[in-house]
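The values are calculated or read from the model by the stated rules, or taken from the named source; none is laboratory data. Please read these numbers as outputs of a predicted model, since none were measured by experiment. Neighbour counts run over all protein chains shown; Cβ positions are idealised from the backbone, glycine included.
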Amino acid sequence: MQYKEAYVYGKRILEENNIADARWDAGRLLEHICHLDRGQLIVRGEKSMGEDEEEKYKEAIKERATHRPLQYMIGSQEFMGLPFFVNEHVLIPRQDTECLVEEVLKKVQDEMAVLDMCTGSGCIILSIAHYKRKIIAKASDISQDALTVARENKKRLGLDVEFIESDLFQKIEGKYDIIVSNPPYIKKEELGELMEEVRDYEPFLALDGGEDGLSFYRRIGKEARRFLKKGGWMFFEIGYDQGEEVISIMEKYGYEDISCVKDLGGQNRIIYGKYGICK
């Protein structure tokens, strides 16, 4: 089978199985398995694949057709211009979350202490630490498996971040200038309605936000007050329809100067506020 024939084959199978990005995924799997970039594949289009390559490609296409996420198959996802290792123990970093990092970066200054709650792959805190090198960076997660992924990303990126296994603030010490979190925020009743790639493959623990999707905002918003320095900032990523509710939670717990930021699609995505201004 020629490389171009393999691509056409892969695209057809994925389209038949309702894979949304069939064209991209077929090409990306071909690049990954054959260790070639897109330009090299175009040049080699009419050349024959090796038998081993062809077999592995067909198996990969078959696997992707089951809706297993491409990122888990190739073990990588770009975020904030950085390559992150991912597997089934962590959520796949998404472009919307880059908006959260960008807002935090506007507030971070040298020597600040920054804490990331529910860190998963570590993409948030590691991106902040990459672009703001002179900070004290820590992150926590309840999942030991997720922290293994985060520490691998720390090693690959060569960054200085401390990762802590903790049920939210249970094992956290110290005071922070900024606490940031992209917590689980899907309503329990809506978990079964998620697209297959998310529902069947991404970690349930990182998705389930309780009955109303707000349980982690309440817990983090309340408990974070003990760990924020006076005038420290609390940043949250939220679901597109949770803005008013999360603002109300933050107001209840004494946060001020609360702002809501939209993502690139125009949906409410980031809520942040300052604690201890008048305390």
Any idea how many residues of region 77-98 are assigned to a helix (DSSP H, G or I) and crowded, with 16+ Cβ neighbours inside 10 Å? 3
Name the single residue that is surrounded by the most Cβ atoms within 10 Å (Cβ to Cβ) among those in region 231-279 being touching a residue at least 40 places away in the same chain (Cβ under 8 Å) and of a type in the set (Gly, Ala, Ser). Gly232
Kindly check whether there is at least one residue in region 173-182 that is crowded, with 19+ Cβ neighbours inside 10 Å, without any contact (Cβ under 8 Å) to a residue 60 or more places away in the chain and not charged (D, E, K, R). no
Could you list, in sequence order, all residues of region 260-279 that are more than 22 Å from the chain's Cα centre (by Cα) and of a type in the set (Ser, Thr, Tyr)? Tyr275
Determine whether region 167-177 contains at least one residue that is part of a strand (DSSP E or B) and assigned by TED's automatic domain parsing to the domain that holds Asn268. yes
When you look at Ile19, is it out of contact with any strand residue (DSSP E or B) (no Cβ under 9 Å at 6 or more places or on another chain), among the hydrophobic types (A, V, I, L, M, F, W, C) and not in a helix (DSSP H, G or I), yes or no? yes
